[in-house]
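Asker: My questions all concern the structure below.
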Amino acid sequence: MAIRLAVGPQTLNLVTQVRILDRQPGNPAPSSSGLGRHPLKVEITGSNPVGATKKLIGEMEMKNIKGIYIGYAENLEPQSRAFEEVGGELIKGNLGGSSTGNSLLSPKNGDNSKIDQVVSLLEETKAQSLVLQGHGFPLNKDFFEAVSKVETFKGLACFGHGFDGIDIDSASSNGILVSNAASFGTEEVSNHALMLLLVCAKKFVLHDKLVRQGVWTREYLSPMGHISGQTLGIVGIGNIGRAMGRKAKALGMKIIAFDPMVSSWDFKEYGFEIASSINDLCKKSDYVTLHCFLNSATEKLMSAEQFRLMKETAYLINCSRGPVVDETALIAALKNNEIAGAGLDVFEQEPTNPENPLLKMDNVAVTNHYASYSEVAWERAETQLGEEAVRISTDSFPMSLVNPEVKKNITGKKSAQLWEIYKETLK
C-alpha cells in the first residue's frame with residue numbers, strides 16, 4: 001500500500017508491507033524481531049529530511065493492539081480497517097490449508113489437529129484476539145483450555161450470527177470472550193423472511209411451475225391470504241425479529257411475538273402483542289416466522305404439537321436455524337394438510353438431501369441458507385469482526401458478547417462502546 005504524505009515542504013513516499021505468519025508444517029517459525037510493526041520503506045525529499053523522518057516514525061509507531069485472522073478471505077482490508085484506525089495490526093495466520101478457503105471449513109467439519117498451530121501463533125505474536133471466518137477447527141473444550149493458557153490472549157470474534165457450533169460454557173469457564181457479527185445481516189434476513197412470506201401467501205411456487213408447464217388456470221387460487229389485517233407470529237424479537245415486525249406492520253399486519261427474554265416494556269415499545277407461549281402464538285397466527293438462536297431450549301421448538309395447533313391456512317417461515325424445526329413433523333403436517341405450507345432458508349441437515357420430501361412440495365418455498373447475504377452486509381460483517389477484535393484486544397467487552405456468563409470469571413473489562421466513539425479513546 002503506497003501512502004503519500006505532505007509534511008511542511010517535504011513529501012514522503014511510504015510503502016508498507018503486510019506480514020503474513022506462515023505456520024505450514026516444516027516451515028521455520030518467523031523471527032520475533034519487529035513483531036507488531038509494519039516494515040516501512042521511506043523515501044524523503046525536502047529541505048529537512050532527517051527531521052521529517054523522526055517526526056514520521058514517531059507518529060507511525062504501532063500500538064500493542066494485535067489480532068490474528070484465520071479464514072478464507074484473501075483481501076483483509078475490511079477486517080483490518082479497525083486495527084489500522086487505532087494503530088494496531090491484524091496478522092494473517094496460515095494453518096497450512098488452502099488460501100482460497102476450500103480446506104478451511106466450518107468448525108463442525110474440523111478436528112483438533114490445528115489447535116497447537118493456533119496456540120503457537122498466539123504465543124509468537126502475543127496477539128490478544130482471533131478473528132475467525134471459516135477456520136476449520138472446532139471451538140470446543142480442548143480449544144478454549146489450550147488458548148486460555150496463552151497469557152496475552154483474551155478472546156475471539158467469529159463471522160456470522162449463529163454460535164451453536166461454539167462450546168460457550170467452556171469459553172466462559174476459561175475466561176475467553178466470544179463475539180459474533182450480530183446485526184450485520186438484519187435487513188437482509190428480515191427481507192428474505194418477508195419475501196418467503198409473500199411467496200407463500202401468493203402460492204408463487206405452484207403458479208410459477210404451472211405457467212412454465214403451459215398451464216394457465218385459476219383453479220388453485222383459493223384460499224389465498226390477504227396479508228393486510230392478518231396476524232404474523234414472530235418467535236424471537238432480537239435484531240432480525242424486530243426488523244421483520246417493522247416491515248410486516250408496514251403491510252398492515254398485526255404482530256404477536258413470543259420471546260421470554262424480552263421485557264413487557266419492550267413489547268410495548270415495538271408495538272407487538274405478547275404471546276404467553278409458543279403454543280399461544282401458533283394458535284393465533286396466520287404466519288409463524290422463526291428468528292431465534294439454536295440451543296437446547298429451542299431445538300425442535302416447532303414440532304408436531306405446534307403444527308397441530310396452527311391454522312390449516314397458516315404458513316411456517318424459517319430463516320433461523322434448521323434444527324429449530326422438527327423436520328419430520330413438518331413433513332407430516334404438510335402431508336396431512338395441518339398447515340398450508342412453508343418457506344425455508346434452512347434445514348436440519350445442510351446441504352439437505354436432494355430427495356428431501358420438502359423439495360418436492362408445491363406449497364413449500366426453499367432457498368439454500370443465503371438469507372443474510374448481500375455485498376453490503378458481507379463487508380459490514382467483516383468490518384464488524386475487526387471492531388469487535390479491537391475491543392477484545394484492548395480490555396473492553398465486545399458489543400455483541402455471546403457468552404455473558406464469562407463476566408463471572410474475569411475482571412477489569414470496560415463496557416462496550418459505539419465504535420465511532422471508542423476508537424477515539426485509543427488514539
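Asker: For the stretch 409-427, enumerate the residues that are out of contact with any Asp or Glu (no Cβ under 9 Å at 6 or more places or on another chain) and loosely packed, with under 10 Cβ neighbours inside 10 Å.
Answerer: Those that are out of contact with any Asp or Glu (no Cβ under 9 Å at 6 or more places or on another chain) and loosely packed, with under 10 Cβ neighbours inside 10 Å: THR411, SER415, LEU418, GLU420, ILE421.
Asker: Continuing with the same structure: Tell me, yes or no, whether the stretch 274-290 has at least one residue that is closer than 23 Å to ARG242 by Cβ, in a helix (DSSP H, G or I), in contact with a Ser or Thr (Cβ under 7 Å, 6 or more places away or on another chain) and not hydrophobic (A, V, I, L, M, F, W, C).
Answerer: Looking through the stretch 274-290, at least one residue is closer than 23 Å to ARG242 by Cβ, in a helix (DSSP H, G or I), in contact with a Ser or Thr (Cβ under 7 Å, 6 or more places away or on another chain) and not hydrophobic (A, V, I, L, M, F, W, C).
Asker: Just give me the residues in the stretch 220-255 being among the aliphatic types (A, V, I, L, M) and touching a strand residue (DSSP E or B) at 6+ places or on another chain (Cβ under 8 Å), in sequence order.
Answerer: LEU232, ILE234, VAL235, ILE237, MET244, ALA248, MET253, ILE255
Asker: So if I check each of LEU385, LEU358, which one is closer than 29 Å to GLU420 by Cα, in contact with a strand residue (DSSP E or B) (Cβ under 6 Å, 6 or more places away or on another chain) and modelled with pLDDT of 95 or more?
Answerer: None of the others qualify; the one that does is LEU385.
Asker: Here's another thing I want to ask about it. Could you pull out the residue among GLY252, GLY229, GLY233, GLY225 that is assigned by TED's automatic domain parsing to the domain that holds ALA297, modelled with pLDDT of 95 or more, touching a helix residue (DSSP H, G or I) at 6+ places or on another chain (Cβ under 9 Å) and small (Gly, Ala, Ser)?
Answerer: Just one listed residue meets the conditions, GLY233.
Asker: Taking the residues in the stretch 83-96 that are in contact with a strand residue (DSSP E or B) (Cβ under 9 Å, 6 or more places away or on another chain) and either buried (at least 21 other Cβ atoms within 10 Å of the Cβ) or of a type in the set (A, V, I, L, M, F, W, C) (or both) as candidates, determine which candidate is modelled with the lowest pLDDT.
Answerer: Checked the stretch 83-96; the qualifying residue modelled with the lowest pLDDT is LEU95.
Asker: Another one. So GLY238 ticks every box in (1) outside the structural domain of VAL346 (by TED's automatic domain parsing); (2) surrounded by fewer than 21 Cβ atoms within 10 Å (Cβ to Cβ) but one. Which box is left unticked?
Answerer: Exception for GLY238: condition (1).
Asker: Go through (1) assigned by TED's automatic domain parsing to the domain that holds THR231; (2) within 30 Å of PHE184 (Cα to Cα); (3) out of contact with any helix residue (DSSP H, G or I) (no Cβ under 7 Å at 6 or more places or on another chain); (4) not β-branched (Val, Ile, Thr) for ALA381 and report which single condition fails.
Answerer: Only one criterion is unmet by ALA381, namely (1).
Asker: Here's something else I'd like to know. Can you tell me which residues in the stretch 160-181 are among the polar types (S, T, N, Q) and crowded, with 24+ Cβ neighbours inside 10 Å? Walk me through it before giving the result.
Answerer: Narrowing the stretch 160-181 to residues among the polar types (S, T, N, Q): 170, 172-174, 179-180.
Listed by number, the residues that qualify are SER179, ASN180.
Asker: Being more than 18 Å from ILE237 (Cα to Cα) and in contact with a helix residue (DSSP H, G or I) (Cβ under 6 Å, 6 or more places away or on another chain) narrows it down to one of ALA342, ALA314, ALA333, so name that one.
Answerer: ALA333
Asker: Filtering the stretch 391-412 down to residues that are in a loop (DSSP other than H, G, I, E, B) and without any contact (Cβ under 8 Å) to a residue 24 or more places away in the chain, which residue is farthest from ASN295 (Cα to Cα)?
Answerer: Filtering the stretch 391-412 for residues that are in a loop (DSSP other than H, G, I, E, B) and without any contact (Cβ under 8 Å) to a residue 24 or more places away in the chain, the one farthest from ASN295 (Cα to Cα) comes out as GLY412.
Asker: Restricting attention to the stretch 314-361, and to residues there that are under 22 Å from ILE227 (Cα atoms) and in a strand (DSSP E or B), which single residue is nearest to the chain's Cα centre (by Cα)?
Answerer: Filtering the stretch 314-361 for residues that are under 22 Å from ILE227 (Cα atoms) and in a strand (DSSP E or B), the one nearest to the chain's Cα centre (by Cα) comes out as ASN318.
Asker: Looking at the stretch 186-207, is at least one residue farther than 24 Å from HIS291 by Cα and either part of a loop (DSSP other than H, G, I, E, B) or in the same structural domain as LEU139 (by TED's automatic domain parsing) (or both)?
Answerer: No.
Rundown of residues vs (1) surrounded by 24 or more Cβ atoms within 10 Å (Cβ to Cβ); (2) in contact (Cβ under 8 Å) with a residue 24 or more places away in the chain, yes/no style:
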{"residue": "SER183", "(1), (2)": "no, yes"}
{"residue": "ALA193", "(1), (2)": "yes, yes"}
{"residue": "VAL211", "(1), (2)": "no, no"}
{"residue": "GLU219", "(1), (2)": "no, no"}
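Asker: In addition: Mind listing whichever residues of the stretch 221-233 are part of a loop (DSSP other than H, G, I, E, B) and surrounded by 12 or more Cβ atoms within 10 Å (Cβ to Cβ)? Walk me through it before giving the result.
Answerer: Kept after step one, since they are part of a loop (DSSP other than H, G, I, E, B), are these residues of the stretch 221-233: 221-230.
Hits for the stretch 221-233 are MET224, GLY225, ILE227, GLN230.
Asker: For the stretch 292-313, indicate whether the set of residues that are among the polar types (S, T, N, Q), buried (at least 18 other Cβ atoms within 10 Å of the Cβ) and in a strand (DSSP E or B) is non-empty.
Answerer: Checking the stretch 292-313: not a single residue is among the polar types (S, T, N, Q), buried (at least 18 other Cβ atoms within 10 Å of the Cβ) and in a strand (DSSP E or B).
The values are calculated or read from the model by the stated rules, or taken from the named source; none is laboratory data. This one's a predicted model, so the numbers in the text were calculated from it and none came from an experiment. Using ideal geometry, Cβ is built from the backbone for each residue, glycine included, and neighbour counts are taken over all protein chains shown.
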